[in-house]
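Below is one structure; the comments refer to it alone.
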Amino acid sequence: MKKHMTIRKKIPLFLSVVVFVSLFGLFGCTAGQKKTVSSIESMSLVRLVMRGGTEYKIEVDGEKTKILRYREVYADNKTSLVPEASAVVDTAEFVELVNNCGVIRWDGFHGKHPKNVHDGEMFRFSACVNGDKTIKADGSENFPKGYKDFVRALDKMLAQQESA
């Protein structure tokens with residue numbers, strides 16, 4: 001009789017574990033799975049500082065990705081974006097960069113401006129990836145993990161194209 005009581009006590013625990021593991025599997029939270037970008041439909045990054053701004057636009061065309069950088073210029077009482085640099089890179093390499101910098105995890109990031117910081121950089125990021133996944137992030141002198149690496153890599157790709 002005692003043996004049956006022990007089994008009866010273990011059944012609810014076993015069922016709880018099965019339900020827990022099943023639910024995490026349904027919601028894509030299983031161990032070892034990582035959300036990644038497999039395709040990029042559009043991407044834009046705007047960086048603003050006290051004296052102007054820069055905008056990066058990413059245009060994907062099959063196996064090639066074009067990176068465009070525009071500089072914000074104020075002239076004749078109006079602000080306009082002037083093309084500053086461009087580069088064409090391999091799409092697979094660009095997708096790898098996006099994944100290495102963890103861009104998909106930026107979605108919903110809102111970096112509030114720190115107290116006692118009177119200037120600095122603000123950013124606004126938007127992308128459509130994996131067909132229909134939208135990523136939006138913004139911040140003021142507060143950035144998501146991988147942001148600075150991503151910007152450095154963009155600028156490096158643009159510099160390599162200019163020197164070639």
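Here is how the numbers come out for the structure above:
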quantity	calculated
Hits in segment 71-107 - residues which are crowded, with 17+ Cβ neighbours inside 10 Å and at positive phi	G102
Conditions (1) touching an Asp or Glu at 6+ places or on another chain (Cβ under 6 Å); (2) not in a loop (DSSP other than H, G, I, E, B); number of the one not met by K156	(1)
Segment 143-164 - residue that is aliphatic (A, V, I, L, M) and over 12 Å from Y56 (Cβ atoms) and, of those, surrounded by the fewest Cβ atoms within 10 Å (Cβ to Cβ)	A164
K115, sole failed condition from (1) loosely packed, with under 11 Cβ neighbours inside 10 Å; (2) touching a residue at least 40 places away in the same chain (Cβ under 8 Å); (3) more than 16 Å from the chain's Cα centre (by Cα)	(2)
Lone unmet requirement of (1) part of a helix (DSSP H, G or I); (2) modelled with pLDDT under 90; (3) in the same structural domain as V151 (by TED's automatic domain parsing) for V117	(1)
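The values are calculated or read from the model by the stated rules, or taken from the named source; none is laboratory data. Treat the numbers as computed from the prediction; the structure is a model and nothing was measured. Counting neighbours? That spans all protein chains shown, and the Cβs are built from the backbone with ideal geometry, glycine included.
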